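**Student:** Please see the structure below; I have some questions.
The values are calculated or read from the model by the stated rules, or taken from the named source; none is laboratory data. For clarity, every value in this text was computed on a predicted model and none was experimentally measured. Here the Cβ positions follow ideal geometry from the backbone for every residue, glycine too, while neighbour counts run over all protein chains shown.
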Amino acid sequence: MTFAIKNRARSSISIWATGIFCLIFQAGALAAIPIQQWTQPSGAQVYLVESPAIAMVDIQMEFDAGTRRDPAAQAGLAGAMTGMMEKGLQARNGAPALDENALSEAWADLGAQFGAGATSDRMGFSLRSLTEPDLLDKAVALAARELAEPAFPDAVWQRERQRLQASIKESYTRPGSIIGRAYTQAVYGTHPYGYQVTEETLSRIGVDDMRKLHANSVVACRARISMVGAVTRAQADVIATRLLARLPQVPCDSLPPLLEVPEVAPLAQADEKRIPFDSAQAHVLIGQPGYKRADPDYFALTVGNYILGGGGFVSRLTLEVREKRGLTYGVSSYFSPGLHAGAFTVGLQTRPDQAVQAVALVRDVLKEFVANGPTEAELKAAKDNLIGGFALRIDSNRKLLDNISGIAWNRLPLDYLDTWTQQVDKVTVADIKAAFARKLQPDKMVTVVLGSP
């Protein structure tokens, strides 16, 4: 289970009304996106895009402490810890203790948002605030406290754990959750990407475990901070310093090294799992481990997957499975690259009596695409759509921040966004064919079908 970052929706209307469509470009022409980057004395890395049009700032702070670092017996620890960080603050350095209600009200009074959460690779914290000096100063000060001084009250954790366990039990009744768990386990095996959060793993997590994880993971020297908004470099540097000021200020080389996480093992052979379930639709997932985000084949695979199954109604899978044969309303494919090889997945739903036919057809389409690649016409259409739609990837502060934090996390070139359309345009049919042949083995994929006779 992945715990996504949870933002408090208690911010003032002015933030949403003025900030959500903060464009960094004018209609008709995209300007360069200058990303400034520097390393603070603490070791923290800061990435900034100045966007002065709207008086607000969005900030993302990330640490290498995602769920891939959870102990297998305590799967869900990182997500539980970040979820508990909004449940109260300690009294420290002259600042009073705040329980969860008081903390929530403090954020509401500021008209700002603070969120925390963990994905497979990252532990992240987000702040959104207006840049009016008094409000921003108070928001940064409160965020620094929440980042460094969570109370982790045991009574609240007992309540939250029961709520999470009840949610997990309820998920066992939903077909999407059932097949998702089975598929993840089949693709990743014993790799941490495949760890499952269960009632049992949550029962083994206590507030002392959270405090230990927080102390070992959330340290200034390991922070990567991304900012987009109406602040200068000098202001951003002060903000970053203040956000991290209450955290341990020690050199990273004096800390115990982070434990190595193994790579995802390739599948040795094909496997098929059928899960009985009383459902009007059979759910189907087919796939295997894919590739890392840092892989040089990234653009060829991105463009190729758009043609194969990522382009909606213009994709080849949709044409063959839906349009020509009417076996499904929707079918798609996608890669999930991370610090390790994230899954390549094809997903669809169909009538239970058509599941065998649909699976066979998807396999045939995959084999043909991997063997021969796309046509020149398919490639041109994909490039036109991807390049034409690039502006929609960065048309708000939040979207731009997601891209900047991705650049920071994956150590991509600072001109990555400026050259994105050029990289897409350079992809050839031969590039796609070669990249898919290197990454996918259609004869060694996992197939999970839920609800088929």
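**Student:** Report whether or not Ala223 is in contact with a strand residue (DSSP E or B) (Cβ under 6 Å, 6 or more places away or on another chain) and more than 30 Å from Ser51 (Cα to Cα).
**Tutor:** Spelling it out, it is not the case that Ala223 is in contact with a strand residue (DSSP E or B) (Cβ under 6 Å, 6 or more places away or on another chain) and more than 30 Å from Ser51 (Cα to Cα).
**Student:** Would you say Pro296 is part of a loop (DSSP other than H, G, I, E, B) and outside the structural domain of Gly338 (by TED's automatic domain parsing)?
**Tutor:** On the way: part of a loop (DSSP other than H, G, I, E, B): yes; outside the structural domain of Gly338 (by TED's automatic domain parsing): no.
Criteria not met by Pro296.
**Student:** OK, next. In segment 334-349, is there at least one residue being out of contact with any strand residue (DSSP E or B) (no Cβ under 8 Å at 6 or more places or on another chain) and among the aliphatic types (A, V, I, L, M)? Step through it out loud before you land on a result.
**Tutor:** First, pick out the residues of segment 334-349 that are out of contact with any strand residue (DSSP E or B) (no Cβ under 8 Å at 6 or more places or on another chain): 338-340.
Cutting the leftovers down to among the aliphatic types (A, V, I, L, M) gives us 339.
Yes - at least one qualifying residue is present in segment 334-349.
**Student:** Out of Gly124, Gly76, which single residue is buried (at least 21 other Cβ atoms within 10 Å of the Cβ) and within 18 Å of Ile168 (Cα to Cα)?
**Tutor:** Details: Gly124 fails: within 18 Å of Ile168 (Cα to Cα).
Result of the check over Gly124, Gly76: Gly76.
**Student:** Among the listed residues Leu135, Leu103, Leu110, Leu98, which satisfies the condition of being surrounded by 22 or more Cβ atoms within 10 Å (Cβ to Cβ), more than 27 Å from the chain's Cα centre (by Cα) and free of Cβ contacts under 8 Å to residues at least 60 places away in the same chain?
**Tutor:** Of Leu135, Leu103, Leu110, Leu98, the one residue that is surrounded by 22 or more Cβ atoms within 10 Å (Cβ to Cβ), more than 27 Å from the chain's Cα centre (by Cα) and free of Cβ contacts under 8 Å to residues at least 60 places away in the same chain is Leu110.
**Student:** Continuing with this model, one more query. Can you list the helices (runs of 4 or more DSSP H) found entirely within segment 334-453 that contain at least 3 residues being over 23 Å from Glu323 (Cα atoms) and small (Gly, Ala, Ser)?
**Tutor:** Numbers: elements: 355-372, 376-388, 397-410, 416-426, 429-439.
Those helices (runs of 4 or more DSSP H) span 397-410, 429-439.
**Student:** Scan segment 270-293 and give yes if some residue there is closer than 12 Å to Ala341 by Cβ and aromatic (Phe, Trp, Tyr), otherwise no. Don't jump to the end; show me each part of the working.
**Tutor:** Keep residues of segment 270-293 that are closer than 12 Å to Ala341 by Cβ, which gives 287-293.
Adding the requirement that they be aromatic (Phe, Trp, Tyr) leaves 291.
There is at least one residue in segment 270-293 that is closer than 12 Å to Ala341 by Cβ and aromatic (Phe, Trp, Tyr).
**Student:** Within segment 298-333, track down each residue that is touching a residue at least 12 places away in the same chain (Cβ under 8 Å) and surrounded by fewer than 17 Cβ atoms within 10 Å (Cβ to Cβ). Spell out the reasoning first.
**Tutor:** Going through segment 298-333, the residues touching a residue at least 12 places away in the same chain (Cβ under 8 Å) turn out to be 298-312, 314-318, 320-321, 325, 327-333.
If the condition is that a residue be touching a residue at least 12 places away in the same chain (Cβ under 8 Å) and surrounded by fewer than 17 Cβ atoms within 10 Å (Cβ to Cβ), then Gly312, Val314, Arg325, Tyr329, Gly330 are the ones that fit.
**Student:** Another question about this same structure. State whether one or more residues within segment 271-279 are more than 30 Å from Tyr416 (Cβ to Cβ), hydroxyl-bearing (Ser, Thr, Tyr) and buried (at least 24 other Cβ atoms within 10 Å of the Cβ).
**Tutor:** Looking for residues that are more than 30 Å from Tyr416 (Cβ to Cβ), hydroxyl-bearing (Ser, Thr, Tyr) and buried (at least 24 other Cβ atoms within 10 Å of the Cβ), one finds none in segment 271-279, hence no.
**Student:** Let me ask something else about it. Only one residue in Gly373, Gly326, Gly338 is closer than 29 Å to Glu263 by Cβ and over 26 Å from the mean Cα position of the chain (by Cα). Which one? So that I can check it myself, show each step before the final result.
**Tutor:** Working: Gly326 fails: closer than 29 Å to Glu263 by Cβ; Gly338 fails: over 26 Å from the mean Cα position of the chain (by Cα).
Going through Gly373, Gly326, Gly338 in turn, just one is closer than 29 Å to Glu263 by Cβ and over 26 Å from the mean Cα position of the chain (by Cα): Gly373.
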